[in-house]
Amino acid sequence: MDQQVTNPILPVAGVHRNHAEDMSAGRTTSELRQHEDGSPNPLGRVSSDDGTHPKALLRCKKPFLMATFNANTVREEGRLRELAHCFSSNGISIMGIQEHRRVHDDPLVFTRVEGQHLITTSAWRNEAQAANGGVGMLLDSRARKSLQRATSHSERILVAEFDSNPVTIIIVAYSPTNASAPEDAESFYEDLGVAIREVPAHNFLAILGDFNARLGTGDAPFTHHNETNRNGRHLLELMTEHGLLAANTEFQKKRGKRWTYQDRCTGTKRQLDYILVRRKWRNSVLNAEPYSSFCSVGSDHRVVSMKVRLSLRAPKTN
């Protein structure tokens, strides 16, 4: 079962200090570099001292692009920089990342890369001590300014809250594979259910995930597969319980625009990655689909994007 990470909320506003400030505070260069992936907010909880309120992330009439991507690994700095470059060139503001494989001691680590901002929970090591898993979130400068807090809910689930009207909650999730032990999948979906129930009903919620799940044609409108697998049944139960839909199965696309993963050995294509949103916000989703413009990162997954423009109905008058 996934190990629950007990970590207080990580506020990120106002935590940056330049190198000179860090040295004057008595932190040596070796202390600043003690973590594999960057400085994990060594100052703890620090409030912004400028008194300004960050700009809302979601607004009416202003489109917004988010995505999810299983990177396979971005341990090497070159691959991480390429990921940030693809992220920026495609105009994405928030991207959930699965399987980054970056191991660090702290539950949450903040890293600056190519002008973008990366938040990661630590990957874990298998019996052979090889790095596996790890979830994270890549943000552009606008999303970074709107970020209120980030929480490591478990080693497979990251939750972030953004200033918006309504408040925007983004959950990044990475499910065990369909071949994993049943209790591992059940534990993951229990944890994810807990995280969803903690989100107020009026908030905008998006879950960016590699669910390792296949949804059949009888269970979602436009899918790549004919039958639903075990993980797919877990996913369907979650969606039914919490009033969610898989955005990238809601738009009629050609079959070649539905798959999100291609097996390197057999060439078999599958749809395993989804962006989930609450049904009440269905009209706010303008489009959702996978595409291959992240192929230079070297992953066997495609990025799945979702374009959102907040849609609010006018209140009824008596």
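The values are calculated or read from the model by the stated rules, or taken from the named source; none is laboratory data. Treat the numbers as computed from the prediction; the structure is a model and nothing was measured. Backbone-built Cβ (ideal geometry, glycine too); neighbour counts: all protein chains shown.
Just a few scattered comments:
- Odd one out for ASP219 among (1) charged (D, E, K, R); (2) farther than 25 Å from ILE157 by Cα; (3) surrounded by 12 or more Cβ atoms within 10 Å (Cβ to Cβ): (2)
- For segment 55-76, a residue qualifies if it is touching a residue at least 24 places away in the same chain (Cβ under 8 Å) and over 22 Å from SER164 (Cα atoms), and the qualifying residues are PHE69, ASN70, ALA71, ASN72, THR73, VAL74, ARG75.
- Of all residues in segment 288-303 being in a loop (DSSP other than H, G, I, E, B) and not basic (Lys, Arg), the one that is nearest to THR177 (Cα to Cα): ASP300
- Checked against (1) hydrophobic (A, V, I, L, M, F, W, C); (2) part of a helix (DSSP H, G or I); (3) more than 22 Å from ALA179 (Cβ to Cβ), LEU192 passes all but a single condition, namely (3).
- Test: residue in segment 108-116 that is on the phi > 0 side of the Ramachandran plot and either at pLDDT 95 or above or not in a strand (DSSP E or B) (or both): yes
- Being within 25 Å of ASN287 (Cβ to Cβ), surrounded by fewer than 18 Cβ atoms within 10 Å (Cβ to Cβ) and hydrophobic (A, V, I, L, M, F, W, C) holds for only one residue in LEU65, LEU139, and it is LEU65.
- Residue within segment 273-288 that is in contact with a Leu (Cβ under 7 Å, 6 or more places away or on another chain) and among the small types (Gly, Ala, Ser) present: yes
- Segment 227-244 residues that are part of a helix (DSSP H, G or I), paired with ones that are crowded, with 18+ Cβ neighbours inside 10 Å and basic (Lys, Arg) (beta carbon under 8 Å, 6 or more apart): ASN231/ARG214; GLY232/ARG214; HIS242/ARG278
- Test: residue in segment 97-104 that is more than 20 Å from ARG156 (Cβ to Cβ), in a loop (DSSP other than H, G, I, E, B), touching a residue at least 12 places away in the same chain (Cβ under 8 Å) and among the β-branched types (Val, Ile, Thr): no
- Residue match in segment 271-287 (condition: touching a Phe, Trp or Tyr at 6+ places or on another chain (Cβ under 7 Å) and either hydrophobic (A, V, I, L, M, F, W, C) or in a helix (DSSP H, G or I) (or both)): yes
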